[in-house]
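Here's the structure we're looking at; comments come further down.
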Amino acid sequence: MSRFGLVIDLDRCIGCHSCEISCKNENNVILGSYWNKVLHRGPVGTWPDLEEYYLPSQCMQCENAPCVSVCPTGASYRDAETGIVLVDKSKCIGCKYCLMACPYGVRSWNKQEKVVEKCTLCRQLTSVGELPACVQACCASARFYGDFDDPTSDVSKALAAAPAASIHTLPDLGGNKPLCTYILSAKTATWKEGDIA
């Protein structure tokens with residue numbers, strides 16, 4: 001099975017929210033809900049030594065996804081081909097167990113359809129060879145999509161080009177192993193180790 005996900009270069013991210021907006025437009029995400037949200041970290045420090053960065057937050061595509069293991073109906077599942085964590089709305093009974101189980105708070109409740117939703121890495125686009133809408137819309141070229149197990153993929157190339165000290169993930173909470181990865185170098189800001197989006 002492949003391991004598709006995102007790498008986001010926070011050294012490049014300018015906090016323009018184009019990823020957030022393109023996600024809502026492409027996936028018809030209802031008002032008040034977000035599948036992708038840009039968070040502002042900082043500024044911290046004492047003038048003139050201030051640091052800040054933007055932290056886009058979406059499904060982390062956890063390798064041991066707690067949202068999948070707690071779902072009583074199989075509505076939350078991992079796609080056998082891509083490894084992407086998805087939601088089958090036809091099986092969702094609205095119990096919200098997955099919402100509670102997600103360590104990063106990146107699932108949304110669709111109050112109109114009464115189902116849970118989340119980032120699908122734009123499966124409707126990626127299944128036909130296109131990039132997710134957020135990657136296409138990023139004017140800073142800060143977002144990369146691909147298979148982490150393929151050394152020729154964009155995510156693998158982005159990680160290979162970054163110093164090891166600049167590569168980060170959100171905290172692993174209970175062995176969930178978040179896959180989506182961030183690049184943030186010390187020249188831009190200090191990574192907040194306890195950050196959980």
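Applying the condition of being out of contact with any Phe, Trp or Tyr (no Cβ under 8 Å at 6 or more places or on another chain) and free of Cβ contacts under 8 Å to residues at least 24 places away in the same chain to the range 163-195 and asking which residue is farthest from Arg78 (Cα to Cα) yields Ala186. Of the residues making up the range 1-23, those that are in contact with a strand residue (DSSP E or B) (Cβ under 8 Å, 6 or more places away or on another chain) and part of a helix (DSSP H, G or I) number 3.
Let's see how each residue does on (1) of a type in the set (A, V, I, L, M, F, W, C); (2) open to solvent by 30 Å² or more (accessible area, probe 1.4 Å):
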site	(1), (2)
Met1	yes, yes
Cys16	yes, yes
Ser22	no, no
Leu39	yes, yes
Val44	yes, yes
Leu50	yes, yes
Ser69	no, yes
Thr73	no, yes
Val85	yes, no
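For the range 52-61, the set of residues classified as in contact with a strand residue (DSSP E or B) (Cβ under 7 Å, 6 or more places away or on another chain), among the hydrophobic types (A, V, I, L, M, F, W, C) and assigned to a loop (DSSP other than H, G, I, E, B) consists of Cys59 only.
Take the range 132-156 and flag every residue that is open to solvent by 60 Å² or more (accessible area, probe 1.4 Å) and closer than 22 Å to Tyr54 by Cα.
Here is the first cut: in the range 132-156, the ones open to solvent by 60 Å² or more (accessible area, probe 1.4 Å) are 136, 139, 141, 149, 151-152, 154.
Across the range 132-156, the qualifying residues are Gln136, Cys139, Ser141, Asp154.
Is one or more of the residues making up the range 157-177 modelled with pLDDT of 95 or more, assigned to a loop (DSSP other than H, G, I, E, B) and in contact with a Gly (Cβ under 6 Å, 6 or more places away or on another chain)? Among the residues of the range 157-177, not one is modelled with pLDDT of 95 or more, assigned to a loop (DSSP other than H, G, I, E, B) and in contact with a Gly (Cβ under 6 Å, 6 or more places away or on another chain), which makes the answer no.
The values are calculated or read from the model by the stated rules, or taken from the named source; none is laboratory data. Please read these numbers as outputs of a predicted model, since none were measured by experiment. Cβ sites come from the backbone with ideal geometry, for glycine too, and all protein chains shown count toward neighbours. These accessible areas exclude ligands, DNA and RNA; they are computed on the full protein's heavy atoms, side chains included. Shrake-Rupley method; radii C 1.70, N 1.55, O 1.52, S 1.80 Å.
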